[in-house]
Amino acid sequence: MADDEAPIEEQPEVEAEEVAEIVEEAAEVEAAEEIVEEAAEVEAAEEIVEEEAPEAEAKADEKAAKKADKKAAKEAPIPGADLEVDIVVEGDGSSRDGSLDPFADEPDAAVVEAEEPVADEPIAATIELAPDARYTATGKRKRAVARVILKPGKGEYLINGRSIDDFFPRPALQRNIRQPLEAVGYEEKMDVIARMHGGGVSAQAGALRHGISRALLEADPNLRGALKSRGFLTRDARAKERKKAGLKKARKRPQFSKR
């Protein structure tokens, strides 16, 4: 039986050097595959970057524009910062030591509000100043009524038989009254005679200015536009509001007591 069995062939032993070569070849193949994969990933990333680059640039430009707008808004000048403060003190408000007196007489608020800005250029007027010329008109303000007569003269004012300095000692009221004649350039060519009644000092000054303006309109109708633009012909309709029933004054209510 032992003779019939075929002899087992002995397999040749693989040398260690060949095994090392095979391992090195496999490692090289794996490294090459990894390099190819990395290159593919880099190309894909570059494509993504190229696609998203315009959007990123647009966002960056938008942020830069917003920053520039904020910076310009901060650096922008304040409106009115270049204007100079012009404080005009009415009358002589200085004390003995030269400082401003806080208790000095101030112009009446109603007169200051009623005054309109007057242009520097005088109004061109053509009024016939005959020796016997008389121009009459009536002016009103609150409850004050002024009946005015204009005639050729030297610029004097006679109000209820008294001069303007005696009847209106406050400079602000005097300036308010002289405005119409100064605007037309006849402040030294015409006299004013007026009869006043009703109202207070401030209301009487407004009524007198209104009457002088209307008398000038009687002398020269072409002055209507110029006088009206300066507010001289406008009847000041402001007046004291009437008292209401149940109230102490026009709007003041009695004190409320809960208990």
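The values are calculated or read from the model by the stated rules, or taken from the named source; none is laboratory data. Please read these numbers as outputs of a predicted model, since none were measured by experiment. Note that each Cβ is placed from the backbone with ideal geometry, even for glycine, and that neighbours are counted across all protein chains shown.
Here are the numbers for the structure shown:
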read-out: All positions within region 152-194 that are within 17 Å of T126 (Cβ to Cβ) and buried (at least 18 other Cβ atoms within 10 Å of the Cβ); value: P180, L181, A183, V184, Y186, M190
read-out: 2 or more residues under 33 Å from the mean Cα position of the chain (by Cα) and touching a residue at least 60 places away in the same chain (Cβ under 8 Å): qualifying helices (runs of 4 or more DSSP H) within region 147-259; value: 171-184, 201-219, 224-229
read-out: Among residues of region 202-223, those that are more than 13 Å from A137 (Cβ to Cβ) and either surrounded by fewer than 15 Cβ atoms within 10 Å (Cβ to Cβ) or among the acidic types (D, E) (or both), counted; value: 1
read-out: Subset of region 128-147 that is surrounded by 19 or more Cβ atoms within 10 Å (Cβ to Cβ) and among the small types (G, A, S) - its residue that is nearest to E218 (Cα to Cα); value: A137
read-out: Count - residues of region 49-93 that are under 30 Å from L173 (Cα atoms), at pLDDT below 70 and acidic (D, E); value: 3
